[in-house]
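Asker: Take a look at this one; I'll ask things after.
Laboratory data are not the source of any read-out in this text; all were calculated from the coordinates shown. What you see is a predicted model; the values in this text were computed from it and never measured. Don't worry about glycine lacking a Cβ; one is built from the backbone with ideal geometry, like all the others, and counts go over all protein chains shown.
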Amino acid sequence: MHELAHLFLGHLGPDNFLKIAQRPRPPHAQEELEAESVANLICKRNGIESKSEEYLSDFIESNTTVNRLDLYFLLKAAGQIETILQLGEMVSFGPRKKTKKNPKKSTTPS
């Protein structure tokens, strides 16, 4: 997720086919914060355990702030990655709920 985030955030340059716009290249720590934020978002929304929060805290503590994050680009990149990985139908925003299966109804008359 992290490496795909670099691609879709434009850290590797623009790409017309993938509709990735030209962006000024941020400092390395900012790139890592953005890519890991996208990876964390995708993992959380899809019930995947990761160590993103620990990794993110290292960048926040090293003088990189979230004030420079462009939420539009982060969410757009997350959406593009979920689309290409076909994760869209499975996205959740909370604990997964168990669904009850309907018991089979008898087709024979009583």
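Asker: Bin width 5 Å, alpha-carbon pairs only: give the P(r) of the range 2-87 as whole percents, running from 0 to the bin holding the largest distance.
Answerer: Whole-percent P(r) values from 0 Å outward: 3, 15, 28, 26, 17, 9, 2, 0.
Asker: With only Lys, Arg, Asp and Glu charged, each at its Cβ (+1 for the first two, -1 for the last two), find how big the charge dipole of the range 2-87 is about the Cα centre; round to the nearest 20 debye.
Answerer: Once rounded to the nearest 20, the dipole reads 400 debye.
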